[in-house]
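Scroll down for the structure; my scribbles are underneath it.
The values are calculated or read from the model by the stated rules, or taken from the named source; none is laboratory data. A quick note: this is a predicted structure, and the numbers were derived from the prediction, not measured. All Cβ positions, glycine included, derive from the backbone under ideal geometry; neighbour counts span all protein chains shown. Side chains included, ligands, DNA and RNA excluded: accessible areas come from the protein's heavy atoms. Shrake-Rupley method; radii C 1.70, N 1.55, O 1.52, S 1.80 Å.
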Amino acid sequence: VQLQASGGGLVEAGGSLRLSCAASGRTFSSYWTGWFRQAPGKEREFVAAINWSGVRIYYAESVKGRFTISRDNAKNTVYLQMNSLKPEDTAVYYCAADPSASYDRTGQDYVYWGQGTQVTVSS
């Protein structure tokens, strides 16, 4: 599975962006898919995850109510809609795919990772 993240950019505080994670590989639709982010000088942190059917969804507390994760398995794509962006959301955002059946927010179970897309929120 190869993942390609896109949609990052520069936005003012309060603005919105939609990230996309396009995948190759027929088995992607059966995987958990997550978004993680890493700001300069900080550790990678969990943002959101969605299971293969879209029924199970989890968010970090810091983004709950502002971000929405979704997937379109017909297009092999997972999205992260980010609204009400804050300067502290500035980071490189990575999508990742986890072939295991269980939810993981540490990143350890995620085998496939995209290259990352930069999100910068100005104050």
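Below, the figures for the structure above:
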item: Under-5 Å amide H pairs with L85, H placed in peptide plane, nonlocal only; result: G14, G15
item: Cβ-Cβ FRET estimate between S122 and I57, R0 fixed at 35 Å, reported to 0.05; result: 0.75
item: Rotationally averaged projected area of region 1-56 (alpha carbon convex hull; nm²); result: 5.1 nm²
item: GNM flexibility winner over the chain from S16, S102, S30 (Cα, springs under 10 Å); result: S102
item: Label-point separation in nm, S102 to S84, each point 7 Å along Cα→Cβ; result: 3.3 nm
item: Magnitude of the charge dipole, the chain, Cβ model with Lys/Arg +1 and Asp/Glu -1, debye to 20; result: 240 debye
item: Average accessible surface area per residue within the chain, 1.4 Å rolling probe, Å²; result: 50 Å²
item: At q = 0.18, 0.25 Å⁻¹, base-10 log of I(q)/I(0) for region 34-78 (Debye sum, equal scatterers on each alpha carbon); result: -0.57, -0.91
item: Ratio of the Cα radius of gyration of region 34-123 to 2.2 N^0.38 Å, where N counts its residues; result: 1.04
item: Portion, in percent, of the accessible area of the chain that falls on carbon or sulfur, probe 1.4 Å; result: 48 percent
